[in-house]
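Heads up: the structure comes next, in structure tokens.
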């Protein structure tokens, strides 16, 4: 059954591999260049300094890599892409009715489902972990300068990309088994994915821990903190809460993914046609 | 009084048994109160118009669908609840063949080999070679008839005890259809294979099938061995009348009126005393058509 599951997903897994290789080909040279420039200009010593030399060096680093750093913002959609690549084949199979082929061979439906979901979740997790590791490495100099609790960094690094990917898998499977049509299901899943991500980032994540309040403006906040509100009074989350927040966000999205996969399993098990 | 004596011949094992089987989609019953028993080794035609519930019945039998009411057993077990007992002994060909279009024919055979304990790879290759279907071809690039043959090959290579085919002839040209039926008949005779196949045409099944299940509007209208079905029906033709007198003595299945003439399909072996009626034997195909054109549902069982 593992062979059949792999053979049925082969094209999509190859596509995911191609994307991973392409990003590696882009990120490794640019990442090495960025780390080299960071070391050459001795930016590590400049962190938190306001001497003219340091400000100049920071400014030139920023100008040089601004474009590609901004471009990596789009990587926040990679979990959705990987989720679709791994989960959509099962939705297509159920839509085309080819699952009936496996269901009338000599294996039980449970084994079929466990193998399918196993390949989808393990594969999606592995590819998401590779990408997240690559991007986290690539962004290390940028994080030293700007911090990694800010949403632009937080969403691409550590372990949350894996949780987002599983969430996307769950959305595609649940939408696919409820709507029964692959294309609308992927559309609905994409819209829900972006909506939930934005809502969590805006309204939920700032409250994972009580924020710290300051009477002064943001210049008084510690370096690399995530500024939630600045102005006459400032609210921020300290940078050392990065892994705590990563953990909370990961558990939240993995739990949501588990519920969505549960819906899909229930829909598949009670399928009547 | 003494208890009635039942004389039983050699006991026939049941291959497919449905008891009060029903399936509802929303508020509509696709199949209702369906009861029949097909012996092992029989070749049964499940006949009915499109939408009569044939596919629903077959999907219930092979365990793809959960019944809303009643139960259905294949070789004594439920394909849904005891898949390990049933699935290895069952070959099923879906109406749309349910093959992976992206796979090559050889990949399909590999699927069969890996998912079935008694897969006969030699039989599969031989069968496809005889039909000239190349193993390297993608399933999506095959003709409808070739896909049907690949699906059938996969079912046969499981070395099943029972073969369930949903409209197997639909995608085949007349020659291939005849070839298929001849092969099924041969397999049934040689190996005791039980065959249950659905069709909306009966013409070429008549020579092949020894049992019949007629389905109309989700209900079983008639079931029984074909020779008994044929023996139990008569065609009466006579001057145009309302068949009230006949209906008192004989079960009228369907009636047909022209300006001058009335033709009745009756299920009865009793003598027709009214000499105005001409009594004729009637073929299986016309019997089936008579039941399918029946407006008032009534379940009849010929044992």
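Okay, here's what the table says:
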item	result
Chain B, relative contact order [Cα under 8 Å, separation at least 6], %	20
For region B:39-71 and region A:173-193, distance of Cα centres in Å	32
Inter-label distance for residue B:281 and residue A:70, nm, one decimal - labels placed 7 Å from Cα along Cα-to-Cβ	9.1
Sites residue A:146 and residue A:53 - FRET efficiency at Förster radius 22 Å, r taken between beta-carbons, to 0.05	0.65
Ranked list, fewest to most other Cβ atoms within 10 Å of each Cβ, for B:86, A:92, B:246	A:92, B:246, B:86
Exposure proxy order (Cβ contacts within 10 Å, fewest to most) of A:164, B:25, A:146, A:236	B:25, A:146, A:236, A:164
Nearest-ten-degree value, helix B:284-293 long axis tilted from longest Cα axis of chain B	80
Of A:97, A:247, A:83, the one that fluctuates the most in a GNM where chain A has Cα springs shorter than 10 Å	A:97
Between helix B:121-131 and chain B: long-axis angle, C-alpha atoms, 0 to 90°, nearest 10	70
Within the protein assembly as shown, percent of DSSP bridges classed antiparallel, to nearest 5	70
Nitroxide proxy distance, nm - points 7 Å out along Cα→Cβ at residue A:265 and residue B:118	3.4
DSSP beta bridge pairing in region B:14-221, given as percent antiparallel to the nearest 5	50
Highest-MSF residue in chain B out of B:92, B:36, B:103 [GNM, Cα springs under 10 Å]	B:103
Residue B:170/residue A:178 FRET efficiency (R0 35 Å; Cβ-Cβ; nearest 0.05)	0.65
Nearest-ten-degree value, helix A:52-71 long axis tilted from longest Cα axis of chain A	20
Å³ per residue enclosed by the Cα convex hull of chain A	127
Three-way shape call for region B:93-205 based on the alpha-carbon gyration tensor, with the a/c threshold at 1.5	oblate
Förster-model FRET efficiency, 41 Å R0, residue A:3 and residue A:202, C-beta, rounded to 0.05	0.35
Backbone N within region A:208-223 under 20 Å of label point (7 Å from residue A:244 Cα along the Cβ vector)	A:208-215, A:221-223
Centroid-to-centroid separation of region B:171-209 and region A:120-170 [C-alpha atoms, Å]	59
Value of [θ]222 nm, deg cm²/dmol, for the protein assembly as shown, DSSP H segments ≥ 4, -39500 (n - 2.57) each, nearest 500	-16000 deg cm²/dmol
Inter-label distance, nm, simple model (7 Å from Cα along the C-beta direction), residue B:227/residue A:114	5.0
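Here, each number is a calculation from the coordinates, and none is a lab measurement. If you're wondering where the values come from, they're calculated on a predicted model, not measured in any experiment. Using ideal geometry, Cβ is built from the backbone for each residue, glycine included, and neighbour counts are taken over all protein chains shown.
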